[in-house]
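The values are calculated or read from the model by the stated rules, or taken from the named source; none is laboratory data. Keep in mind that this is a model prediction, so the values were computed, not measured. Here the Cβ positions follow ideal geometry from the backbone for every residue, glycine too, while neighbour counts run over all protein chains shown. Just so you know, the surface numbers come from the protein's heavy atoms only, side chains and all, with ligands and any DNA or RNA stripped out. Shrake-Rupley method; radii C 1.70, N 1.55, O 1.52, S 1.80 Å.
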Amino acid sequence: PKRSREAAEGKTPGLRAGACRPGVRAAGSAAVRSVKTPTSPLSRRQWLLSSGATLAGLALSSRLLNFEAQAQQAAEPAASGPVRARLSLNENPFGPSPAALQAMTACLASGQACRYPFGEATELVALIAKKEGVTPEHIVLGAGSGELLEKVGLHFGLAGGEVIHATPGYVQLPRMLEAMGGRVVPVPVNARLEHDLDAMAAKVSGRNSVVYIANPNNPTGTVIEPGRLADFVREVSKRTCVFLDEAYLDIADRYAERTLVGLVNEERNLVVARTFSKIHGLAGLRIGYAVTSPKFAAVLRRYGGASLSFPGIVAATASLRDTGFIAAARGKIVAEREQFTALLRELGRPSAESQANFVFFQTGRPHAEVQAAMRREGVAIARTFPPLTDWARISVGTPEENALARAALRK
């Protein structure tokens with residue numbers, strides 16, 4: 001009864017003051033079972049915030065979950081002939097580790113796919129917690145890190161909160177927050193196409209809910225100097241929640257120095273997100289996770305979400321245990337990326353200093369023209385990223401795909 005009453009009043013049970021939470025109220029799943037629909041306009045809003053919005057938000061989430069692919073498809077120019085090099089979605093074209101493939105095959109061959117993977121999910125969470133140096137209570141699994149981005153956007157958006165984010169940048173969290181009634185505060189990247197941390201900090205106010213930082217950034221691929229970013233997180237997290245999206249960090253130089261997951265143990269208002277979709281080569285299986293305080297992890301779990309697949313869970317577990325795979329995959333990706341950057345230097349095209357599995361470069365022409373011209377050569381590149389509408393992002397593919405793309409770029 002107390003939990004239901006707190007949810008009806010817009011309170012989040014068990015969440016300490018200053019934790020990652022909206023400034024007004026949050027949705028509690030306990031209220032779904034015990035709060036009746038009121039009739040007055042004000043009480044209807046309170047009920048929505050405490051119960052029904054959870055369901056509405058998750059329904060919206062299911063439509064937005066693959067928004068990047070949907071946006072890319074909508075932006076594809078009409079062209080005849082097949083796509084021979086899909087370099088538009090930042091996938092790892094070299095695929096999963098042999099251990100992950102073997103685990104998936106064994107799962108299917110043994111008939112386990114007809115079972116729910118509850119025990120296997122617990123094993124994966126324990127393995128992730130050990131890797132990150134936290135307890136299992138700090139970990140929240142998701143269908144890729146995208147689902148976790150949307151849960152955080154849903155959580156703060158329902159309270160009319162704000163998100164401060166870089167532009168151009170990845171906007172899955174901002175789009176969800178805005179769709180739920182929140183406010184988006186974009187901050188342009190600096191001259192080096194990096195997050196402008198000073199400008200972002202200046203935007204933090206009493207009503208701010210979350211500062212979103214993708215490191216490396218998408219679409220620019222740039223990273224933030226680790227000491228500078230750590231200082232930013234320590235200071236800003238005193239006033240609001242900070243969400244660090246480290247989806248591409250495994251590809252960057254000096255990973256151990258750059259990751260800030262260790263700050264979670266300092267009870268900061270911090271969420272660190274990771275995914276198996278990028279360097280692990282498991283984009284089609286949709287596995288990701290967030291590392292945050294146990295209290296905020298419990299809040300995110302109450303929003304429910306996608307049910308992860310048995311093959312995906314065993315593949316992610318096997319991939320984590322294949323300690324040599326990450327280094328090998330990174331080496332191949334970086335070698336191919338450097339061939340793109342070398343070509344861009346030769347062609348005199350400015351580009352961002354990428355630490356991810358893609359490059360972002362200035363074309364000197366409207367993006368639509370370049371995208372259409374590349375498509376005629378059988379190469380699909382990414383959609384446009386306003387406000388830099390004469391820049392283009394191209395992902396690293398297989399050596400054969402990259403050779404085709406480089407020939408098309410020269411042409």
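Just a few scattered comments:
- Of the criteria (1) under 15 Å from the mean Cα position of the chain (by Cα); (2) crowded, with 22+ Cβ neighbours inside 10 Å; (3) in contact (Cβ under 8 Å) with a residue 60 or more places away in the chain, which one GLU246 fails: (3)
- Among the residues making up the stretch 202-217, those that are open to solvent by less than 10 Å² (accessible area, probe 1.4 Å) and either polar (S, T, N, Q) or over 21 Å from PHE296 (Cβ atoms) (or both) are SER209, ASN215, PRO216, ASN217.
- Boolean, ALA199 is surrounded by fewer than 22 Cβ atoms within 10 Å (Cβ to Cβ), in contact with a strand residue (DSSP E or B) (Cβ under 8 Å, 6 or more places away or on another chain) and either in a helix (DSSP H, G or I) or at pLDDT below 95 (or both): yes
- The set of residues in the stretch 285-312 that are over 28 Å from ASN269 (Cα atoms) and either open to solvent by 50 Å² or more (accessible area, probe 1.4 Å) or part of a helix (DSSP H, G or I) (or both) comprises LEU285, PHE310, PRO311, GLY312.
To keep it simple, each residue is scored yes or no on (1) of a type outside the set (Gly, Ala, Ser); (2) without any contact (Cβ under 8 Å) to a residue 12 or more places away in the chain; (3) not in a loop (DSSP other than H, G, I, E, B).
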{"site": "PRO82", "(1), (2), (3)": "yes, no, no"}
{"site": "LEU101", "(1), (2), (3)": "yes, no, yes"}
{"site": "ALA106", "(1), (2), (3)": "no, no, yes"}
{"site": "GLY119", "(1), (2), (3)": "no, yes, yes"}
{"site": "LEU124", "(1), (2), (3)": "yes, no, yes"}
{"site": "LEU127", "(1), (2), (3)": "yes, no, yes"}
{"site": "SER145", "(1), (2), (3)": "no, no, yes"}
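- Listed conditions (1) among the hydrophobic types (A, V, I, L, M, F, W, C); (2) surrounded by 22 or more Cβ atoms within 10 Å (Cβ to Cβ); (3) within 19 Å of the chain's Cα centre (by Cα) are all met by LEU158, apart from (3).
- VAL264 vs. criteria more than 25 Å from VAL184 (Cβ to Cβ), touching a Ser or Thr at 6+ places or on another chain (Cβ under 7 Å) and open to solvent by less than 20 Å² (accessible area, probe 1.4 Å): yes
- Failed criterion for ALA316 (all others in (1) among the small types (Gly, Ala, Ser); (2) open to solvent by 10 Å² or more (accessible area, probe 1.4 Å); (3) closer than 30 Å to LEU101 by Cβ hold): (2)
- Residues (among the charged types (D, E, K, R) and either surrounded by 14 or more Cβ atoms within 10 Å (Cβ to Cβ) or touching a strand residue (DSSP E or B) at 6+ places or on another chain (Cβ under 8 Å) (or both)) located in the stretch 348-375: ARG349, GLU353, ARG375
- Applying the criterion of being touching a strand residue (DSSP E or B) at 6+ places or on another chain (Cβ under 7 Å) and assigned to a loop (DSSP other than H, G, I, E, B) to the residues of the stretch 249-270, the residue that is modelled with the highest pLDDT is LEU260.
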